[in-house]
Amino acid sequence: MAEEDERRHGGYSRNLWSNGQTVRGTGENVEGGRGVPKVVYVEDAGQEHPIEATVGESVMATAVKNGVPGIIGECGGNASCGTCHVWVRAEFTKLVGEPNDLEEDLLEMAVTDRREGSRLSCQISVSPELDGLTVDVPPQQP
Ligand code: FES
């Protein structure tokens with residue numbers, strides 16, 4: 001049954017990818033979590049980096065692994081350096097959720113130009129629901 005479903009829906013899913021059609025924030029591209037969610041990193045100058053991410057990996061680790069400029073991740077994701085600061089686009093802030101106390105403290109002390117939507121990307125775990133997540137990368141990290 002699952003194979004039959006995959007065959008029946010697999011083509012539809014692939015067509016979405018090859019056509020570049022994305023329904024952002026709904027996870028519709030990942031068809032029940034079997035596909036690959038994308039994270040879009042936008043540099044200060046406007047250049048976009050759409051990256052296929054691994055579910056469960058952090059938004060920071062995805063960026064570093066794929067050479068996205070401006071996200072350093074110096075502490076390796078321990079919420080202690082602030083060099084993974086991003087601004088989550090407004091349409092995704094509810095989906096991403098609120099920072100915990102530790103992250104909140106670091107955002108308060110360590111990042112430059114804190115705004116609504118400021119998050120440490122090492123504290124955001126990629127999930128199918130976050131497919132299309134778009135974050136702006138600050139021009140410089142602390
Ligand atoms: S990688 Fe250091 S705070 Fe996120």
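What to note about this one:
- Filtered by the rule that a residue be small (Gly, Ala, Ser) and either modelled with pLDDT of 95 or more or part of a strand (DSSP E or B) (or both), the range 98-127 gives 117, 118, 121, 125, 127.
- The set of residues in the range 57-88 that are surrounded by 14 or more Cβ atoms within 10 Å (Cβ to Cβ), more than 14 Å from the ligand (Cβ to nearest atom) and without any contact (Cβ under 8 Å) to a residue 24 or more places away in the chain contains only 66.
- Screening residue 74 on (1) at pLDDT 75 or above; (2) acidic (Asp, Glu); (3) outside any loop (DSSP other than H, G, I, E, B) shows it passes everything except condition (3).
- Residue count, the range 89-142 (criterion: within 16 Å of the ligand (Cβ to nearest atom), of a type in the set (A, V, I, L, M, F, W, C) and loosely packed, with under 13 Cβ neighbours inside 10 Å): 1
The values are calculated or read from the model by the stated rules, or taken from the named source; none is laboratory data. Keep in mind that this is a model prediction, so the values were computed, not measured. All Cβ positions, glycine included, derive from the backbone under ideal geometry; neighbour counts span all protein chains shown.
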